[in-house]
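Visitor: Here it is, the structure, as structure tokens.
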Amino acid sequence: MKNGIANREVKKAVQTKGASGRARPIAPRSSTKVSEDGKLQRSEQPTPFEKMFEDMLKDIYWAEQHMVEALHTMTEAATTNELKEAFEDHRFVTQKHVSRLDKVFSMLGKKSETKKCDAMDGIIRETERIIKETPEGSMTRDAGLIICAQKAEHYEIASYGSLVQVAYTLGHDDVAYILEKTLRDELNADYQLTDIAEGYINPMADNETGEDTKEESGEEPKEAE
Ligand SMILES: [Fe+2]
Ligand SMILES: [Fe+2]
């Protein structure tokens, strides 16, 4: 997907997320305890907050891996070349997101693991349903695919936005920096999809009738029940 679209807005969105009125803490680690002789000791056991952070990384790792596959299906199903290209470009970017998460796991001294993301699984199944329910070669199909893709992007934006902030809180600034790069990619993808939908796909979908579908597919439209 082309970068640079609405960069000013992306920057603003990221800053807003980070600047929720609170300064980033300078990492008093919650797993650090004071021993009887007054010395600081770091527990080997992760805190529940650290464990939750790790689980959420596994969740988005699952989501990204499955989106690589889903974006391929969406590229094949799309009608217009512009949308096909947008999906194909974002599939390439999504593969990079998977690699970045591998790096994040290794920086945290963990092995890369997935945990099923029910939310993304649902969005992917919804996308498959839209493909089945919309006529092949129609703009309505593209409009539906964009809506599904934006649902996926919004899930990723919410996830990465939160993970960036938690990483900072846990003192993993280097990890937060990497996650923030992916957050920007997701925001750019979302803005690009909005541009495509509002630019011409939604208005053209609005002009489609059952007759268009009949002409293209050669099939008689079914009567409304
Ligand atoms: Fe992604
Ligand atoms: Fe994405």
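Visitor: About the Cα centre of segment 46-207, what is the dipole size in debye to 20, counting +1 per Lys and Arg Cβ and -1 per Asp and Glu Cβ, all else neutral? Please list the in-between numbers first.
Guide: On the way: 18 positive and 31 negative charges, 109 e Å.
That gives segment 46-207 a dipole magnitude of about 520 debye.
Visitor: So for segment 46-207, averaging the separation of alpha carbon pairs under 8 Å that are six or more residues apart and normalising by length, what relative contact order in percent results? Write down the numbers at each step before the final one.
Guide: Working: 162 pairs, mean separation 42.8, N = 162.
So the answer I get is 26 percent.
Visitor: Between Glu208 and Glu133, what's the calculated FRET efficiency when r is the beta-carbon distance and R0 is 22 Å? Round to 0.05.
Guide: On the way: r = 14 Å, r/R0 = 0.64.
The pair Glu208/Glu133 has a calculated efficiency of 0.95.
Visitor: Along the Cα-to-Cβ line of Asp102, 7 Å from the Cα, sits a label point; which residues in segment 179-203 have backbone N less than 13 Å from it?
Guide: Within reach of a label on Asp102, which here means backbone N under 13 Å from a point 7 Å along Cα→Cβ, segment 179-203 contributes nothing.
Visitor: Could you work out how far apart the two model spin labels at Asp174 and Glu82 are, taking each label as a point 7 Å from the Cα in the direction of the beta carbon, and quote it in nm?
Guide: 4.3
Visitor: Explain nothing, just compute: Karplus ³J(HN,Hα) = 6.51 cos²θ - 1.76 cosθ + 1.60, θ = phi - 60°, for every residue of segment 148-162 in order, whole Hz, x for Gly and Pro.
Guide: 5, 4, 5, 4, 5, 4, 5, 5, 5, 4, 4, 5, 5, x, 6
Visitor: At a Förster radius of 30 Å, what calculated FRET efficiency corresponds to the Cβ-Cβ distance of Lys116 and Glu44, to the nearest 0.05? Please report the intermediate quantities before stating the final value.
Guide: Values: r = 28 Å, r/R0 = 0.93.
Between Lys116 and Glu44 the formula returns 0.60.
Each reported figure results from applying straightforward, stated rules to the coordinates on display, with no laboratory input. None of these values were measured; they are calculated from a predicted model. Note: ideal-geometry Cβ built from the backbone for every residue, glycine included; neighbour counts use all protein chains shown.
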